[in-house]
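The values are calculated or read from the model by the stated rules, or taken from the named source; none is laboratory data. What you see is a predicted model; the values in this text were computed from it and never measured. Neighbour counts are summed over all protein chains in view; Cβ atoms, including those assigned to glycine, are modelled from backbone coordinates with ideal geometry. Note: areas computed on protein heavy atoms with side chains; ligands, DNA, RNA excluded. Shrake-Rupley method; radii C 1.70, N 1.55, O 1.52, S 1.80 Å.
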Amino acid sequence: MILLVPRLYFCFLYQTTIMKNIIACMLFLCLLTCDISAQEQLRPKALGVSFIMNDFTTAERIRTSSLATVFSDKQWAKFNEMSPGLAVTYFQGLKPRIDFAGTLAASYVSYPLRNDKPTESGDALLLEGDASGNFKMFDESYWLTPYASAGVGISKYKSYWAAYVPLGLGLKLNLFDEASVFVAGQYRVPVSYETANYHFMYSFGISGVIGK
């Protein structure tokens, strides 16, 4: 019995030491997580200019056949089958991995309207404005960030107004926290069926910080 008491005492000390180590490790991990979370950077206000290409041809081929067929038969539209334009985008970070993006784009296109809408021949000005969220894989502390985007938009072509949903993917390259280069592709899904049509919009641009 006398020998049992020291053994119990040492066992108690041993278990207490283990518990202290476990608690210390848990506290360290919590502090480390908080520190990492605190270091996540929010994107500052930025203004970007981009060159865009509207692609109605590929979207129509996919809808009349399939995406697999378009890839296998190499039917993706060439540059001379697309309509170029320019876009201006305002960016602002909402959360470390979510940015707001408001875009106004202008291009001259021959818009394929549905239901044989009476239109004049030749290209005309297409104006598109949308508000989207960019959902990034990483925050602004990383120099290369892939992201997905989704939002709502409106367009005007001649006398016709339309609504659409832009869905896309992009990649942003951070340049010393002062500017960024981005490349993106969007699939624009029409909401107003008669005055809008499915098409892709590809963009390549650069943005600069305009806030603190």
Considering 78, 45, 20, which residue is modelled with pLDDT of 75 or more and open to solvent by 100 Å² or more (accessible area, probe 1.4 Å)? 78
(1) more than 16 Å from the chain's Cα centre (by Cα); (2) within 20 Å of residue 178 (Cα to Cα): which one isn't true of residue 108, the others all being true? (2)
Do the conditions hold for residue 127, that is, is it assigned to a loop (DSSP other than H, G, I, E, B) and out of contact with any Pro (no Cβ under 6 Å at 6 or more places or on another chain)? no
Selection from region 154-175 of residues that are open to solvent by 70 Å² or more (accessible area, probe 1.4 Å) and in a loop (DSSP other than H, G, I, E, B): 159
Can you pull out every residue in region 172-208 that is over 24 Å from residue 109 (Cα atoms), in contact with a Phe, Trp or Tyr (Cβ under 6 Å, 6 or more places away or on another chain) and of a type in the set (D, E, K, R)? 172
With respect to residue 36, determine if the residue is at pLDDT 80 or above and of a type outside the set (Ser, Thr, Tyr). no
Selected residue (criterion: least open to solvent (accessible area, probe 1.4 Å)) from residues of region 176-212 that are of a type in the set (Phe, Trp, Tyr) and assigned to a strand (DSSP E or B): 182
Index of the failed condition, residue 103 passing every other in (1) within 20 Å of residue 194 (Cα to Cα); (2) of a type outside the set (Asp, Glu); (3) within 23 Å of the chain's Cα centre (by Cα): (1)
Looking only at region 111-128, and only at residues there that are surrounded by 15 or more Cβ atoms within 10 Å (Cβ to Cβ) and of a type outside the set (A, V, I, L, M, F, W, C), the one that is modelled with the lowest pLDDT: 119
State whether one or more residues within region 61-74 are open to solvent by less than 40 Å² (accessible area, probe 1.4 Å), aliphatic (A, V, I, L, M), within 18 Å of residue 189 (Cβ to Cβ) and not in a loop (DSSP other than H, G, I, E, B). yes
Out of 187, 142, 198, sole residue that is under 18 Å from the mean Cα position of the chain (by Cα), within 24 Å of residue 78 (Cβ to Cβ) and not small (Gly, Ala, Ser): 187
